[in-house]
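Report on the following structure.
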Amino acid sequence: MLLPSAIGRADAEKLLVESVFTAMLELPASTHSQLYYTCVLTDISSARPSLVPTVRHAAFEIFKHLDTMDPQAVDVFASWFAHFLSNVEWAWDWVSWESSLSLSPSAPKMMWLADVLERMVRIFDTLPSAVVPACHVSHAPSTD
């Protein structure tokens, strides 16, 4: 990959992650399957741990704009996020999202968080122990 000399490594990493998210959230349908984008972001995060903060930052930026996003893109993002977390041993900076837990249950961010938690339960039949203490959503699915 040839990059202009003016683009540093950090900028190239941001561009790579942003490009993957842009392609994944393309409507009405992305070019590749949801699994493809999850694998790409999981693999590059494993191969280059320096990219993990960039992926986290990009996901947090998308999360901040959930209330203005197309519902289909919100659904794709929730599906990706739950699947991605299952591939990175549920490691996430949950503290940075805590302020959203005080929102109304009908707020887009709370609905999204509840959806992600439900998807996590579908993946593992329970909420992973790494997630439970960090993300207490009053109307989250049961872990019984």
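Read-outs: derived from the displayed coordinates by stated rules, not from any lab. These numbers were taken from a predicted model, which means no experiment stands behind them. Reconstructed Cβ throughout: ideal geometry from the backbone, glycine too, with neighbour counts over all protein chains shown.
R0 = 22 Å: FRET efficiency of residue 11 with residue 56, Cβ-based, nearest 0.05?
0.80
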Range of Cα positions in the stretch 9-124 per principal axis (Å), largest first: 40, 32, 29
Dipole moment magnitude, nearest 20 debye, the stretch 9-124 about Cα centre, only Lys, Arg, Asp, Glu C-beta charged: 160 debye
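Starting from the stretch 15-114, pick out the GluC sites (Glu not before Pro) whose DSSP state is loop and whose Cβ has at most 15 other Cβ atoms within 10 Å.
In loop regions of the stretch 15-114 (DSSP not H, G, I, E or B), the sparsely surrounded GluC sites (Glu not before Pro) are 26, 89.
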Residue order, fewest to most beta carbons within 10 Å, for 45, 33, 86: 33, 86, 45
Extension gain from residue 94 to residue 43, taking 0.36 nm per residue of separation minus the Cα-Cα distance: 16.2 nm
Computed E for residue 107/residue 30 - FRET, C-beta separation, R0 22 angstrom, nearest 0.05: 0.25
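Determine, for 85, 103, 27, the number of other Cβ atoms within 10 Å of each Cβ, and report the residues in order from fewest to most.
27, 103, 85
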